[in-house]
C-alpha cells in the first residue's frame, strides 16, 4: 500500500513535500530502513520508536508524552522541523486587477 501511495504522490509531483515517518521501529523488524526505502522509493525522514506502553499511559492519564523519552524527543524534533519551515512567498502580480482601475488611493490624491 505504501508503494502505491508513493507512486500516486510521484504522479502528482508532490514528493518534495512528503516526509516519510517510520512508526513503531524496534530491533525485531523484518524489514530494514533501507529495504523500506527501496520498496517505496522515498527516503525515510523520521524514525519513531515503538512505545505502546508510554502512549497508553499518556492516553489513560490524559497527559502529554514524556519529552525525555525516545518517542517524546522524536515528536519534538518533528514539530520543531515543521515549525521552522518558512511558507513560500507569493510573488506580487504585475497585472492590475479590474477593481484597481476604479479605486481612489491616497497616492493618486497626493499627485493631483
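Relative contact order of the stretch 2-84, please, whole-number percent, based on alpha carbon pairs below 8 angstrom and at least 6 residues apart.
Over the stretch 2-84, the number comes to 27 percent.
Taking 7 Å along the Cα-to-C-beta vector as the label spot, tell me the residue 55-residue 9 distance in nanometres, rounded to one decimal.
So the two model labels end up 1.9 nm from each other.
Report Rg(Cα)/(2.2 N^0.38 Å) for the stretch 2-84, keeping two decimals.
Expressed relative to 2.2 N^0.38 Å, the Cα Rg reads 1.26.
Read-outs throughout are calculated quantities, based only on the coordinates presented, and are distinct from any laboratory measurement. From a predicted model like this one, the values you see are computed outputs, not experimental measurements. Don't worry about glycine lacking a Cβ; one is built from the backbone with ideal geometry, like all the others, and counts go over all protein chains shown.
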